Amino acid sequence: MIADGLGVLFCGINPGLMTAATGHHFARPGNRFWPVLHLSGFTPRLFRPAEQDELLSYGLGITNVVARATARADELAAEEYREGGRILAAKVERLRPRWLAVVGVTAYRAAFDERKAAVGPQKRTIGSCRVWVLPNPSGLNAHWTAATMAQEYGRLREAAGL
(Lines give C-alpha, C1' and ligand atoms only; values in the text may rest on other atoms or scores of the structure.)
Protein backbone atom coordinates (compact mmCIF):
# COMPACT_ATOMS: atom_id res chain seq x y z
CA MET A 1 0.00 0.00 0.00
CA ILE A 2 2.69 2.41 -1.07
CA ALA A 3 3.46 4.78 -3.91
CA ASP A 4 6.10 7.30 -4.93
CA GLY A 5 6.12 10.73 -3.30
CA LEU A 6 3.64 10.21 -0.48
CA GLY A 7 3.14 12.87 2.16
CA VAL A 8 3.36 10.30 4.97
CA LEU A 9 4.35 6.65 4.84
CA PHE A 10 3.11 4.98 8.04
CA CYS A 11 5.22 2.04 9.11
CA GLY A 12 3.87 -0.61 11.42
CA ILE A 13 6.08 -3.04 13.30
CA ASN A 14 5.05 -6.23 11.45
CA PRO A 15 1.83 -7.83 10.29
CA GLY A 16 -0.28 -9.43 12.98
CA LEU A 17 -2.00 -12.69 12.24
CA MET A 18 -5.28 -10.95 11.31
CA THR A 19 -3.44 -8.65 8.91
CA ALA A 20 -1.67 -11.63 7.36
CA ALA A 21 -4.98 -13.46 6.97
CA THR A 22 -6.89 -10.51 5.46
CA GLY A 23 -4.12 -8.63 3.65
CA HIS A 24 -5.26 -5.43 5.38
CA HIS A 25 -2.97 -3.40 7.64
CA PHE A 26 -3.97 -2.89 11.29
CA ALA A 27 -6.85 -5.35 10.82
CA ARG A 28 -7.19 -6.62 14.38
CA PRO A 29 -10.42 -5.22 15.89
CA GLY A 30 -8.67 -3.85 19.02
CA ASN A 31 -6.08 -1.92 17.02
CA ARG A 32 -6.70 1.83 17.22
CA PHE A 33 -4.83 2.89 14.06
CA TRP A 34 -7.89 3.56 11.92
CA PRO A 35 -9.86 5.48 14.60
CA VAL A 36 -6.77 7.52 15.52
CA LEU A 37 -6.04 8.29 11.87
CA HIS A 38 -9.53 9.76 11.61
CA LEU A 39 -9.50 11.54 15.01
CA SER A 40 -6.20 13.20 14.10
CA GLY A 41 -7.63 14.64 10.87
CA PHE A 42 -5.68 12.51 8.39
CA THR A 43 -8.93 11.09 7.00
CA PRO A 44 -12.37 12.73 6.69
CA ARG A 45 -14.13 9.64 8.05
CA LEU A 46 -13.32 6.41 9.84
CA PHE A 47 -11.95 3.91 7.33
CA ARG A 48 -12.11 0.16 7.73
CA PRO A 49 -8.93 -1.87 7.16
CA ALA A 50 -10.42 -3.19 3.90
CA GLU A 51 -10.48 0.41 2.61
CA GLN A 52 -6.73 0.90 3.08
CA ASP A 53 -6.09 1.58 -0.61
CA GLU A 54 -8.16 4.78 -0.34
CA LEU A 55 -5.37 6.28 1.78
CA LEU A 56 -3.26 6.75 -1.36
CA SER A 57 -5.68 9.47 -2.53
CA TYR A 58 -4.82 11.40 0.67
CA GLY A 59 -1.06 11.08 0.09
CA LEU A 60 -0.76 8.34 2.73
CA GLY A 61 0.62 4.81 2.61
CA ILE A 62 1.38 1.91 4.93
CA THR A 63 4.25 -0.55 5.17
CA ASN A 64 6.00 -2.51 7.96
CA VAL A 65 9.47 -2.70 9.49
CA VAL A 66 9.43 -6.52 9.42
CA ALA A 67 7.48 -8.54 6.85
CA ARG A 68 7.06 -11.71 8.94
CA ALA A 69 3.66 -12.08 10.58
CA THR A 70 3.49 -12.93 14.28
CA ALA A 71 0.85 -12.98 16.99
CA ARG A 72 2.86 -10.42 18.99
CA ALA A 73 5.72 -8.09 18.08
CA ASP A 74 7.82 -9.43 20.96
CA GLU A 75 8.22 -12.64 18.94
CA LEU A 76 10.57 -10.82 16.56
CA ALA A 77 14.34 -11.13 16.94
CA ALA A 78 16.68 -8.14 17.17
CA GLU A 79 18.27 -9.04 13.83
CA GLU A 80 14.84 -9.04 12.15
CA TYR A 81 14.35 -5.46 13.30
CA ARG A 82 17.82 -4.40 12.11
CA GLU A 83 17.36 -6.08 8.71
CA GLY A 84 13.88 -4.57 8.48
CA GLY A 85 15.35 -1.14 9.17
CA ARG A 86 17.83 -1.58 6.32
CA ILE A 87 15.09 -2.70 3.93
CA LEU A 88 12.81 0.13 5.07
CA ALA A 89 15.53 2.74 4.55
CA ALA A 90 16.11 1.47 1.00
CA LYS A 91 12.34 1.57 0.33
CA VAL A 92 12.13 5.15 1.64
CA GLU A 93 15.09 6.24 -0.50
CA ARG A 94 13.41 4.73 -3.55
CA LEU A 95 9.86 6.04 -2.92
CA ARG A 96 10.78 9.44 -1.43
CA PRO A 97 7.88 10.13 0.95
CA ARG A 98 8.11 13.47 2.77
CA TRP A 99 7.66 11.78 6.16
CA LEU A 100 8.21 8.27 7.48
CA ALA A 101 5.98 7.68 10.51
CA VAL A 102 7.07 4.64 12.51
CA VAL A 103 4.24 3.50 14.79
CA GLY A 104 6.01 2.19 17.84
CA VAL A 105 9.02 3.70 19.59
CA THR A 106 10.41 0.28 20.55
CA ALA A 107 10.36 -0.85 16.92
CA TYR A 108 12.06 2.37 15.79
CA ARG A 109 14.77 2.03 18.42
CA ALA A 110 15.46 -1.58 17.42
CA ALA A 111 15.33 -1.05 13.65
CA PHE A 112 17.55 2.04 13.58
CA ASP A 113 19.71 1.50 16.67
CA GLU A 114 18.39 4.70 18.27
CA ARG A 115 18.20 3.54 21.88
CA LYS A 116 17.15 6.91 23.31
CA ALA A 117 14.54 7.82 20.68
CA ALA A 118 11.22 9.12 21.97
CA VAL A 119 7.84 9.71 20.38
CA GLY A 120 7.90 12.75 18.09
CA PRO A 121 10.07 14.09 15.26
CA GLN A 122 13.53 12.58 14.97
CA LYS A 123 16.87 14.12 13.97
CA ARG A 124 17.45 11.24 11.55
CA THR A 125 16.51 11.67 7.92
CA ILE A 126 16.53 9.05 5.18
CA GLY A 127 17.55 10.94 2.08
CA SER A 128 15.22 13.94 2.10
CA CYS A 129 12.58 12.09 4.14
CA ARG A 130 11.99 13.26 7.70
CA VAL A 131 11.15 10.70 10.41
CA TRP A 132 8.48 10.87 13.12
CA VAL A 133 7.91 8.20 15.75
CA LEU A 134 4.28 7.72 16.74
CA PRO A 135 2.77 5.73 19.60
CA ASN A 136 1.89 2.15 18.77
CA PRO A 137 -1.90 1.95 18.21
CA SER A 138 -2.11 -1.65 19.40
CA GLY A 139 -4.74 -2.25 22.04
CA LEU A 140 -1.88 -3.66 24.15
CA ASN A 141 -0.35 -0.17 24.43
CA ALA A 142 -2.25 1.07 27.49
CA HIS A 143 0.07 4.06 28.03
CA TRP A 144 -1.70 6.00 25.28
CA THR A 145 -5.43 6.59 24.85
CA ALA A 146 -7.00 7.09 21.44
CA ALA A 147 -7.32 10.80 22.28
CA THR A 148 -3.67 11.28 23.27
CA MET A 149 -2.52 9.27 20.26
CA ALA A 150 -4.70 11.42 18.00
CA GLN A 151 -2.98 14.53 19.38
CA GLU A 152 0.45 13.13 18.45
CA TYR A 153 -0.71 11.93 15.04
CA GLY A 154 -2.24 15.40 14.55
CA ARG A 155 1.12 17.04 15.26
CA LEU A 156 2.59 14.98 12.41
CA ARG A 157 -0.32 15.83 10.10
CA GLU A 158 0.26 19.55 10.73
CA ALA A 159 4.02 19.21 10.18
CA ALA A 160 3.36 17.32 6.95
CA GLY A 161 0.93 20.00 5.76
CA LEU A 162 -1.88 17.50 5.26
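The values are calculated or read from the model by the stated rules, or taken from the named source; none is laboratory data. Note that the structure is predicted; figures quoted are calculated from it, not measured. Reconstructed Cβ throughout: ideal geometry from the backbone, glycine too, with neighbour counts over all protein chains shown. Remember, those area values only see protein heavy atoms, side chains included, never the ligands or the DNA or RNA. Shrake-Rupley method; radii C 1.70, N 1.55, O 1.52, S 1.80 Å.
Within the chain, what whole-number % of the accessible surface is contributed by carbon and sulfur, with the 1.4 Å probe and all protein chains included in the calculation?
53
Give, as a single signed number, the net charge of other residues whose beta carbon lies under 11 Å from the beta carbon of L100, with Lys and Arg counted +1 and Asp and Glu -1.
In short, +4.
Starting from the 7 Å offset along Cα-to-Cβ, what nm value, one decimal, do you get for the label separation of D74 and A142?
Distance between label points: 1.3 nm.
Over the chain, average the accessible area per residue using a 1.4 Å probe and give it in Å², no decimals.
49
Please give, to one decimal in nm, the separation of the simple spin-label points placed at S128 and Q151, each 7 Å out from Cα toward the Cβ.
Inter-label distance under the simple model: 3.4 nm.
Taking θ = phi - 60°, what integer Hz values does the Karplus form 6.51 cos²θ - 1.76 cosθ + 1.60 yield along region 94-109, in sequence order, with x for Gly and Pro?
Once rounded to whole Hz, the list reads 6, 8, 6, x, 6, 9, 9, 10, 8, 8, x, 5, 5, 5, 4, 4.
For H38, what is the net charge nearby, where nearby means another residue's Cβ is under 15 Å from its Cβ and Lys, Arg count +1, Asp, Glu -1?
My count for the surroundings of H38 gives +1.
Tell me, how many Å apart are the Cα centres for region 15-54 and for region 62-112?
Their Cα centres are 18 Å away from one another.
Quick check: net charge around A160, other residues with Cβ under 10 Å of its Cβ, Lys/Arg +1 and Asp/Glu -1?
Combined, the nearby Lys, Arg, Asp and Glu give +3.
Explain nothing, just compute: Karplus ³J(HN,Hα) = 6.51 cos²θ - 1.76 cosθ + 1.60, θ = phi - 60°, for every residue of region 117-126 in order, whole Hz, x for Gly and Pro.
4, 10, 4, x, x, 10, 6, 4, 10, 10
Quickly work out the R82-to-K116 label distance, labels modelled 7 Å from Cα along the C-beta direction, and quote it in nm with one decimal.
If labels sit at K116 and R82, their model points lie 2.1 nm apart.
Which whole number of Å³ per residue matches the convex hull of the alpha-carbon atoms in the chain?
Spread over its residues, the Cα hull of the chain gives 99 Å³ apiece.
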